[in-house]
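Read through the structure below, which is laid out as structure tokens, and then see the notes.
The values are calculated or read from the model by the stated rules, or taken from the named source; none is laboratory data. As the structure is a prediction and not an experimental result, all values here were calculated from the model. Because the Cβ atoms are built from the backbone with ideal geometry, glycine has one as well, and the counts that use them run over all protein chains shown.
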Amino acid sequence: MKSYILKLPAVEIINRIKGQEISAEEYMIKLFERIEREERKIHAFITLTKDSALSQARIIDRKIKKNEKLGRLCGIGIAVKDNICTDGVRTTCGSRILENFIPPYDATVIERIKSEDGIVIGKTNMDEFAMGSTTEYSYFGPTFNPWDRERVPGGSSGGSAAAIASHEAGLALGADTGGSIRCPSSFCSTVGLKGTYGLVSRYGLISYGNSLEQIGPITKDVKDCALLFSCISGHDSKDSTSLPYPAKDYTKALVDDVKGLKIGVVKEFFGEGTDEVVVKYVWNSIKKLESLGASYDELSLKFLEYALPTYYIIAMSEASSNLARYDGLRYGLRVPNKSYDWNTIFSKNRKLGFGLEVKRRIILGTYALSAGYFQAYYLKAQKIRTLIRREFDQIFKNHDVLICPTMPILPFKLGEKIKDPLEMYMCDIDTVPANLTGMPAISIPCGFYHNLPIGLQIIAQIYREDLLFRVAYTFEQN
Amino acid sequence: MIKEDLVKIGLEVHCQLTKLKSKLFCSCSADYRGKEPNTNICPVCFGIPGALPVLNEKALKYALMVALALNAKVSERTLFYRKNYFYPDMPKNFQISQYDKAGGIPLAVGGRLIINGNKIINIRRIHLEEDTGKLSYEGTIESSNVTYIDYNRAGIALMEIVTEPDMNSPKEARLFLQKLSSILEHLGVCDPSLEGAVRCDANISFGGGKRVEIKNISSFKEVERALRFEITRQRSLVSKGIDVKSETRHWDDVRRVTFSLRLKEEEGDYRYFPEPDLVPIEISNEMIQQVLSEMPELPEARKKRFINQYDLSSQTAEVLTSRKILADLFEESVRFYPNPREISNWLASDLLAYLSDTNKEIESLNITPKHFAELAHLIDNGLINRNIAKSIFIEMVTTGKMPSEIVEERGLKKISDQHYISEIVDKVFKENEKAVKDALVNEKAVNYLMGCVMKNSSGRIDPNIVLQIIKQRLNQIKEGD
Amino acid sequence: MNEILDYFKKIDEVDVENIPPTYHVVNIVNVFRPDEVRVFDANKIIKITPRVKERYVKGPKAI
């Protein structure tokens, strides 16, 4: 009975659990029945935490019976990207080097969802160390797109988006360094938000590109997204880069009205390499918002074409340093000692533990930071970042939001781009600007082309998530 | 030939901020000494993925105090950098530090310290960084088949102070470190007597020749030894016509030699870049004023005060203020018994000589200001003579017993018991009737009687009292006539 | 790899004279924590370490 409940938005499920239409335990049992069925086809998860999820659900049922105060995420099953640390639950980052790594602490976002009575149901598949846009670079094998199993779900948070699209989770957490929430959201027809840099604590997020990334929600609809974002955002004293603002209730920003809003349409976001179908769908969406009372004009951003190389130089440089700690001494994979010295052991460990793409990025990042190349690559990229941010700031002086495609192309087939890393990098062309500038960006579904989802990206000025929610909600409702 | 005056020595001093409660970027205890290995660790200082650093506010304040005490120029804005290199004592395989090459903005630049009264040692830069874990081996580093790592020390707040190559002898290097240590002590930011709290690397060159770095010097006693060894070594190379190589050598404080040890980590390019997990630090004028207003008295000012307030010689005042604990001991002792001259002599000469002879630290002695106050008091009252005082002093610092206690135990006190002395005098008068008669007319014969009395008491009775009683007796005899 | 490096060279086209770098995208400074001790259960950490001897992390030989 009631198996349709799994397909409802999380907000609805939470209300039904709170309203005792279904017990948290009953819901959780149903959810895991579905997960066990779907996983054979989708492979969204690396690790499932069924036992603890069920016992959590029973605790929540007792709270409900005793009429205790209930959290905003009461009983909902949440899928967590496997680069977010969970106390006592294996966290692999999609890598062999962390295959058996069990963090001794919870990330701040995990503490927050637990304090809101949300339930972690498992850890989702991802490209190794979040380096990829297809989830094919996972040591644990790829995730399949629920809309077309021959195609990739996008990445790197492909497992989280696929779990939502296949109703294997009520809510999901992803993390976005260069589009890793928005890309799979676009390919799987989910809603995915990367908030303003510093709004969600990074404490417990295994670093790839620290100055770029944020944890964020991947959900079935905009309302779910606003709810989860409200629960996980807000100042955290454990993260020095956390903005000093308290959490807001973003569900209040869900206003079905875009009258008077000014949309900027930047032509470089529809540049060479963008699929005509995507261009058409996104333009149709802009026209729809216009019909609802918004206005738009077309603009050009001179430095946008440099965003992608700038992004990759910064991300790889930071990554080369972040990933240095995986030497096998303190945690993670450790090859047998034999009689090697530590330099040899370090290399052997890393050779065995890291996949090809991770190695590639470490080498490139190391190069970009090396004496003699630092100025030409890393430093220069950080300066171009300033130019890009300035251009965006200029535009936002007289525009509320920018609208563009999330992904320039439709979901493609597994193995199609894995041979050509540069072609793979090109997929991130529309998503990286938000990471470089720290600006919030959301991807929402804007239709299907032959059963393949297309995503619409909305970008706003720093700290204006309210505008994103307003436009996204209005678009979704009409 | 190498001329001594062409020697140029620069120091890179690492001081732990031992007076902090917690580590530099996490809430683990700053007191890591004597703990079981790997018990003073957390996700941040153990480099667990996902954990993030947050700067200890007091560490910054302490570092600012030191910078200001050394008259350095504090930067208005500074950043932490990552210094990347692989080494098992570094949990993240990078160290959060500040960029030490041109273009980097450390916490403070410039500044100086005066040693020997007039020799200026210029400071190049001062910055904050995290300490590493500790490695140990089975046997030596070369022969050991394993490396044992204890991360309890990893993440402890370290301050790096780099000097210009302004020192011209190993002795000056030691004096610099001593003076710096005293400043750190007076500021209450570091206890230099703790093992490993002040460590340094030295660079040394002759007559504009090749620069040799010496690493791993663990105290200011060692710095002089290491540099002396290095000078001798280089001299002997030059005398044999061999060129001195520009290299990094390590100081082995057991064998007391420097040796060349090329480890891979040193060859590298540290790939410095700003730490993205920490935000910039802006140091306002108000922050500096705040720190200045809380600054305690520094050794230089204290020395001047000692000269004026206690009428001490400049040299004695300098010696006493070279260690805070010594200066404190002096002032406290004087509070109990106001004879600064007597007390300062015991502290500045006898105590320091004892420490250097026995290779002990003041902290390890069980002595208090009361010990020195009492010692001075016993001497002033004529209760013990100076020779006896010296021997009491040695027992006092060795055992921690109070001087009066020692005097009592040893029966060292000069006998001033009138009754006891009278008995001896009477006995001597009976046995020396002729001498008594002489003494009645001849003052000089009194001395003979004195000698007899002293002999009878093995010389421990107070001669003044003896004389007094002899004169009394003689008067009684006179009156009796 | 070279193809990627060539692509990175695209940034050579941009003139960045007098442009400051954006190392930190958030405009906040002076984030501190108070000097307080909080003890973490170190056993939870040492439990995940692959090789331990008498609580020392055991590593390969140095040379």
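Scan the range C:5-35 residue by residue and report those that are farther than 20 Å from B:C26 by Cα, within 7 Å of another protein chain (Cβ to nearest Cβ) and among the polar types (S, T, N, Q).
Passing the criteria: only C:T22.
Collect the residues in the range B:308-324 that are crowded, with 16+ Cβ neighbours inside 10 Å and either among the β-branched types (V, I, T) or assigned to a helix (DSSP H, G or I) (or both), keeping them in residue-number order. Walk me through how you get there before you give the answer.
Let us first name the residues in the range B:308-324 that are crowded, with 16+ Cβ neighbours inside 10 Å, namely B:310, B:312, B:316-324.
Matches in the range B:308-324: B:Y310, B:T316, B:A317, B:E318, B:V319, B:L320, B:T321, B:K324.
Within the group A:F269, A:F346, which residue is within 14 Å of chain B (Cβ to nearest Cβ) and touching an Asp or Glu at 6+ places or on another chain (Cβ under 6 Å)? Outline the logic, then answer.
Working: A:F269 fails: within 14 Å of chain B (Cβ to nearest Cβ).
Within the list A:F269, A:F346, the selection yields A:F346.
Any idea which of (1) facing chain A (nearest Cβ under 7 Å); (2) modelled with pLDDT under 95 is the one C:N2 doesn't satisfy?
Against the list (1) facing chain A (nearest Cβ under 7 Å); (2) modelled with pLDDT under 95, C:N2 comes up short only on (1).
Checking the structure you have, find out if any residue of the range A:32-43 is among the aromatic types (F, W, Y) and either surrounded by 24 or more Cβ atoms within 10 Å (Cβ to Cβ) or within 14 Å of another protein chain (Cβ to nearest Cβ) (or both).
So in the range A:32-43, the residues among the aromatic types (F, W, Y) come out as A:32.
If we keep only those that are either surrounded by 24 or more Cβ atoms within 10 Å (Cβ to Cβ) or within 14 Å of another protein chain (Cβ to nearest Cβ) (or both) as well, we get none.
No, the range A:32-43 contains no residue that is among the aromatic types (F, W, Y) and either surrounded by 24 or more Cβ atoms within 10 Å (Cβ to Cβ) or within 14 Å of another protein chain (Cβ to nearest Cβ) (or both).
Quick check on B:E130: is it surrounded by 22 or more Cβ atoms within 10 Å (Cβ to Cβ), over 30 Å from B:V319 (Cβ atoms) and in contact with a strand residue (DSSP E or B) (Cβ under 7 Å, 6 or more places away or on another chain)? Explain how you work it out, then say what you get.
Working: surrounded by 22 or more Cβ atoms within 10 Å (Cβ to Cβ): yes; over 30 Å from B:V319 (Cβ atoms): yes; in contact with a strand residue (DSSP E or B) (Cβ under 7 Å, 6 or more places away or on another chain): yes.
Spelling it out, B:E130 is indeed surrounded by 22 or more Cβ atoms within 10 Å (Cβ to Cβ), over 30 Å from B:V319 (Cβ atoms) and in contact with a strand residue (DSSP E or B) (Cβ under 7 Å, 6 or more places away or on another chain).
Tell me, please, whether a residue that is surrounded by fewer than 24 Cβ atoms within 10 Å (Cβ to Cβ), in a loop (DSSP other than H, G, I, E, B) and within 14 Å of another protein chain (Cβ to nearest Cβ) can be found in the range A:216-225. Step through it out loud before you land on a result.
Going residue by residue through the range A:216-225, those that are surrounded by fewer than 24 Cβ atoms within 10 Å (Cβ to Cβ) are A:221, A:223.
Next, from what is left, pick out any that are in a loop (DSSP other than H, G, I, E, B): A:221.
From what is left, the residues that are within 14 Å of another protein chain (Cβ to nearest Cβ) are none.
Within the range A:216-225, none of the residues are surrounded by fewer than 24 Cβ atoms within 10 Å (Cβ to Cβ), in a loop (DSSP other than H, G, I, E, B) and within 14 Å of another protein chain (Cβ to nearest Cβ).
When you scan the range B:2-18, do you find a residue that is part of a loop (DSSP other than H, G, I, E, B), under 28 Å from the mean Cα position of the chain (by Cα) and either within 27 Å of B:T147 (Cα to Cα) or within 14 Å of chain C (Cβ to nearest Cβ) (or both), even just one? Please lay out each step first, then the result.
First, pick out the residues of the range B:2-18 that are part of a loop (DSSP other than H, G, I, E, B): B:2-3, B:17-18.
Next cut, under 28 Å from the mean Cα position of the chain (by Cα) only: B:17-18.
Of the ones still in play, those that are also either within 27 Å of B:T147 (Cα to Cα) or within 14 Å of chain C (Cβ to nearest Cβ) (or both) are B:17-18.
Yes, there is a match, as at least one residue in the range B:2-18 is part of a loop (DSSP other than H, G, I, E, B), under 28 Å from the mean Cα position of the chain (by Cα) and either within 27 Å of B:T147 (Cα to Cα) or within 14 Å of chain C (Cβ to nearest Cβ) (or both).
Please specify each residue of the range A:336-368 satisfying the condition of being small (G, A, S) and either crowded, with 21+ Cβ neighbours inside 10 Å or assigned to a helix (DSSP H, G or I) (or both). Spell out how you get there, then give the answer.
Initial filter on the range A:336-368 (small (G, A, S)): A:339, A:347, A:353, A:355, A:365, A:368.
Those that are small (G, A, S) and either crowded, with 21+ Cβ neighbours inside 10 Å or assigned to a helix (DSSP H, G or I) (or both): A:S347, A:G353, A:G365, A:A368.
List every residue pair whose Cβ atoms sit under 8 Å apart, with the two residues 6 or more apart in sequence or on different chains, where the first one lies in the range A:65-94 and is among the aromatic types (F, W, Y) and the second, anywhere, is surrounded by 19 or more Cβ atoms within 10 Å (Cβ to Cβ) and part of a loop (DSSP other than H, G, I, E, B).
none
Tell me yes or no: at least one residue of the range A:158-167 is farther than 18 Å from A:E39 by Cβ and at pLDDT 95 or above.
Here is the first cut: in the range A:158-167, the ones farther than 18 Å from A:E39 by Cβ are none.
Scanning the range A:158-167, I find no residue that is farther than 18 Å from A:E39 by Cβ and at pLDDT 95 or above, so the answer is no.
Go through the range B:291-316 residue by residue and tally those that are of a type in the set (S, T, N, Q) and within 26 Å of B:A63 (Cβ to Cβ).
Taking the range B:291-316 first, the residues of a type in the set (S, T, N, Q) are B:293, B:308-309, B:313-316.
With the extra rule that they be within 26 Å of B:A63 (Cβ to Cβ), the set shrinks to B:293.
Total satisfying the criteria: 1.
Could you list, in sequence order, all residues of the range B:48-69 that are more than 10 Å from chain C (Cβ to nearest Cβ) and not hydrophobic (A, V, I, L, M, F, W, C)?
B:P49, B:G50
Which of the residues that make up the range A:395-446 are at pLDDT 95 or above and basic (K, R)?
A:K397, A:K413
Which of the residues that make up the range B:143-152 are buried (at least 21 other Cβ atoms within 10 Å of the Cβ) and assigned to a loop (DSSP other than H, G, I, E, B)?
Passing the criteria: B:Y151, B:N152.
Step by step: first the residues of the range A:298-328, then only those that are out of contact with any Lys or Arg (no Cβ under 8 Å at 6 or more places or on another chain) and assigned to a loop (DSSP other than H, G, I, E, B), then the one that is farthest from the other protein chains (Cβ to nearest Cβ). Which residue is that?
A:L301
Identify all residues within the range B:96-124 that are buried (at least 22 other Cβ atoms within 10 Å of the Cβ), within 30 Å of B:L52 (Cα to Cα) and in contact with a Phe, Trp or Tyr (Cβ under 8 Å, 6 or more places away or on another chain); write none if there are none.
B:Q98, B:P106, listed by residue number.
Hand me the list of strands (runs of 3 or more DSSP E) wholly inside the range B:59-136 holding 1 or more residues that are touching a Pro at 6+ places or on another chain (Cβ under 6 Å) and among the charged types (D, E, K, R). Show your work before the answer.
On the way: elements: B:81-84, B:94-97, B:112-115, B:119-130.
Filter on the range B:59-136 gives B:119-130.
Yes/no matrix, rows are residues, columns are (1) assigned to a strand (DSSP E or B); (2) buried (at least 23 other Cβ atoms within 10 Å of the Cβ); (3) within 13 Å of chain C (Cβ to nearest Cβ):
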| residue | (1), (2), (3) |
| --- | --- |
| B:I141 | no, no, yes |
| B:A154 | no, yes, yes |
| B:V162 | yes, no, no |
| B:A173 | no, yes, no |
| B:F176 | no, yes, no |
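Here are some residues: B:E294, B:E266. Which one is modelled with pLDDT under 95 and within 14 Å of chain A (Cβ to nearest Cβ)? So that I can check it myself, show each step before the final result.
Values: B:E294 fails: within 14 Å of chain A (Cβ to nearest Cβ).
Result: B:E266 is the single residue among B:E294, B:E266 that is modelled with pLDDT under 95 and within 14 Å of chain A (Cβ to nearest Cβ).
Inside the range A:205-215, can you point out the residues that are within 11 Å of chain B (Cβ to nearest Cβ) and either part of a strand (DSSP E or B) or out of contact with any strand residue (DSSP E or B) (no Cβ under 7 Å at 6 or more places or on another chain) (or both)? Steps first, answer last, please.
Start the filter on the range A:205-215 by keeping residues that are within 11 Å of chain B (Cβ to nearest Cβ), which leaves A:205-213, A:215.
Once the filter is applied, which keeps residues that are within 11 Å of chain B (Cβ to nearest Cβ) and either part of a strand (DSSP E or B) or out of contact with any strand residue (DSSP E or B) (no Cβ under 7 Å at 6 or more places or on another chain) (or both), the range A:205-215 yields A:L205, A:I206, A:S207, A:Y208, A:G209, A:N210, A:S211, A:L212, A:I215.
One line per residue, one yes/no per condition, for (1) in contact with a Cys (Cβ under 9 Å, 6 or more places away or on another chain); (2) modelled with pLDDT under 95; (3) among the hydrophobic types (A, V, I, L, M, F, W, C):
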residue	(1), (2), (3)
B:L70	no, no, yes
B:K73	no, no, no
B:F80	no, no, yes
B:Y85	no, yes, no
B:P91	yes, no, no
B:Q95	no, no, no
B:Q98	no, yes, no
B:I105	no, yes, yes
B:A108	no, no, yes
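For C:R38, which of the numbered conditions (1) part of a loop (DSSP other than H, G, I, E, B); (2) facing chain A (nearest Cβ under 7 Å) fails to hold?
(2) is the only condition that C:R38 fails.
Please specify each residue of the range B:132-149 satisfying the condition of being modelled with pLDDT of 90 or more and of a type in the set (S, T, Y).
Matches in the range B:132-149: B:T132, B:S136, B:Y137, B:T147, B:Y148.
Select from the range A:366-388 the residues that are in contact with a helix residue (DSSP H, G or I) (Cβ under 7 Å, 6 or more places away or on another chain) and more than 11 Å from chain C (Cβ to nearest Cβ) and write down the one among them that is farthest from A:Y306 (Cα to Cα).
The residue in question is A:T366.
Is there any pair linking a residue in the range B:314-336 that is assigned by TED's automatic domain parsing to the domain that holds B:A373 to one that is surrounded by 22 or more Cβ atoms within 10 Å (Cβ to Cβ) and not in a helix (DSSP H, G or I), with Cβ under 7 Å and at least six apart or on different chains, and which?
B:A327/B:T321
Of the conditions (1) among the small types (G, A, S); (2) touching a Leu at 6+ places or on another chain (Cβ under 7 Å); (3) surrounded by fewer than 19 Cβ atoms within 10 Å (Cβ to Cβ), B:A69 clears all except one; give me its number.
The failed condition is (3).
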